[in-house]
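Each remark here refers to the structure printed beneath this line.
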């Protein structure tokens, strides 16, 4: 009889682990609380079919495990565009500083057709019957013959091993463990910073790359506008155009319509009135129930990511932590998610 493995969380780490197990003739059931796979990877398609990233986007040559997985799945990477004039706003009452970014020997990369392609490619390798969306795990109970996983819908899954591939904060606040986890573990989970939690990412889709025609790179950094950081978001084929970037934390208090108004005002003042006419505007505040617990304490970046207690197993070797925050290197990044998955796979 095959070992019964339940993976809690259908983000990059959970799907990578399920894929590695499948390649080795092992099956795992992936349970995901939200209505989609991907976790903090989320690519939208604009009305002109431009891939627009609301989640994880960039990676580099330092991320060897991610690059290997991309190659293995037959996906294509390409460098982030940075050619031309970039802008830096230091004060609202001074003109922006202009600077040029030289072509990098080790650039940041993006995935052709969007980062969601990575998630979709992994999911295609799995048995769809083993993927359960809209399934929130509420309890994990130890029994003599394994673990019992209970969901918010009253479903009960029997498992020999359970791997928690969701942010540790959520594991600590939303899942009841019986017997309880060691006190040291329960104490550390709320303090593990969830990467991207509270970030506000925006995307814009345009019919034409007006900024490139004016020799702008699309790269913007600002200390005074609602947009704090922005990049050209043109697709691999260079026939779909847009921007992606981040808004300042205070923007969360505005409605999406007001955020859009402020974004377009800032960009039009910097790049011309063409910026006022996007085909689409989307943004996302990464603070929903699938990312962060109700206690939205702001932690130091990467605080307690890769903590030694997250490397241990519990419930007599049946319960494990994975997910990018558990990675001892590149915690919070896509590379960390894959490293964490490989680490657990090797323990199985």
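Can you give me the three principal axis dimensions of the stretch 79-198 from its C-alpha atoms, in Å, biggest first?
Projected onto its principal axes, the Cα set of the stretch 79-198 covers 66, 36, 28 Å.
Give, in nm to one decimal, the length gained when the segment between residue 237 and residue 73 is fully stretched (0.36 nm per residue of separation minus the Cα-Cα distance).
Between residue 237 and residue 73, full extension yields 57.1 nm more.
Computed FRET efficiency, Cβ-Cβ of residue 88 and residue 160, R0 56 Å: what is it to the nearest 0.05?
It comes out at approximately 0.55.
Have a look at the stretch 1-118 and give its Rg and Dmax from the Cα atoms, expressed in angstrom.
19.0, 70
Starting from the 7 Å offset along Cα-to-Cβ, what nm value, one decimal, do you get for the label separation of residue 215 and residue 253?
Calculated label separation equals 4.1 nm.
Under a no-solvent Debye model with one identical scatterer per Cα of the stretch 191-256, what's log10 I(q)/I(0) at q = 0.12, 0.19, 0.25 Å⁻¹?
-0.38, -0.81, -1.09
For residue 265 and residue 316 in the same chain, what is the full-extension length gain: residue separation times 0.36 nm, less their Cα-Cα distance, in nm?
12.6 nm
Which length gain, in nm to one decimal place, applies between residue 187 and residue 273 when the Cα-Cα distance is subtracted from 0.36 nm times their residue separation?
Fully extending the segment from residue 187 to residue 273 adds 25.7 nm.
What nm value, rounded to one decimal, do you get for the distance between residue 328 and residue 130 when each label is placed 7 Å out toward the C-beta?
2.7
Out of all DSSP beta bridges in the chain, what portion is antiparallel? Express it as a percent rounded to 5.
Counting only bridges with both partners in the chain, antiparallel ones make up about 65 percent.
For the chain, modelled as a Gaussian network with Cα springs under 10 Å, which listed residue fluctuates most, 100, 81, 236?
100
Reported to two decimal places, what Rg/Rh ratio describes the stretch 231-278 when computed on Cα atoms with Rh from the Kirkwood expression?
1.02
Coordinate-derived values only; no laboratory data. Keep in mind that what you see is a predicted model, and the values were worked out from it rather than measured. FYI the Cβ positions are ideal-geometry reconstructions off the backbone, even for glycines, and counts take in every protein chain you see.
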